[in-house]
Ligand SMILES: [Ca+2]
Ligand SMILES: [Ca+2]
């Protein structure tokens, strides 16, 4: 592994920052169950040759998959992620044997959480004494970036509420049709569009919703059970198998791949504009913390 030969006394220039991008939770119940995908965002004004980013979480959720984003971290040719549900911890380690990750800001990874209840969730970085947050530059100078923790109030989602306004009515049919056939906004999160609970967003959901609203059809369904069964059979997490896990998560989302890509790009743009959208102040963890 790569060890620092010297250290900056402090992060030079504008403080580098690790924070969590905008995320939504889709939880239905009771009994409550759902999922969340949380972006991990890095700002750096030094070139980064290596980073260790351990993420801890509290609240009614468990990380079952984590994977690197496309784009910013592509230059880092060694990318590893380890999930320790007993601590709990998600540990991202990435480094480059060639060019460093240049200065910039944006998502470097995503964490997929299974949510099992409502309440408050909090994400932060961790320091176990052995595993701690650190960045290195190409000269092996190391420094600890700032961290912006994030809290999220997990509240139940209403099945059939495609546009997320808290009620199920004709505007949800319009929203769904616009998304499916007119290049309209992607439901946020996409699971909101899966009204009939079959893990796909399509014409069947439009028909199902119209039948419910105007023809005394059955009520909209939660989707999490079918999503779980779809992921069953994929390899357990391991160093070389995250691509399969990622594939599973991405393809279990109720959207076609091109729509999913569009959704990700849209979220990426939104992240870039929410730098100040934080729930508590910036802190810089020390090794003794
Ligand atoms: Ca609605
Ligand atoms: Ca569906």
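Within segment 84-100, can you find the residues that are surrounded by fewer than 16 Cβ atoms within 10 Å (Cβ to Cβ) and modelled with pLDDT under 95?
Within segment 84-100, 84, 85, 86, 87, 88 meet the criteria.
Can you pull out the residues in segment 180-207 that are assigned to a helix (DSSP H, G or I), at pLDDT 90 or above and buried (at least 23 other Cβ atoms within 10 Å of the Cβ)?
193, 205
Tally the residues that are within 16 Å of ligand 2 (Cβ to nearest atom), without any contact (Cβ under 8 Å) to a residue 40 or more places away in the chain and closer than 30 Å to residue 17 by Cβ, restricting the search to segment 149-186.
0
Quick one: is residue 144 in contact (Cβ under 8 Å) with a residue 40 or more places away in the chain and either under 30 Å from residue 13 (Cβ atoms) or within 16 Å of ligand 2 (Cβ to nearest atom) (or both)?
yes
The values are calculated or read from the model by the stated rules, or taken from the named source; none is laboratory data. The shown structure was predicted, so the numbers you read here are calculated from the model rather than taken from an experiment. Note: ideal-geometry Cβ built from the backbone for every residue, glycine included; neighbour counts use all protein chains shown.
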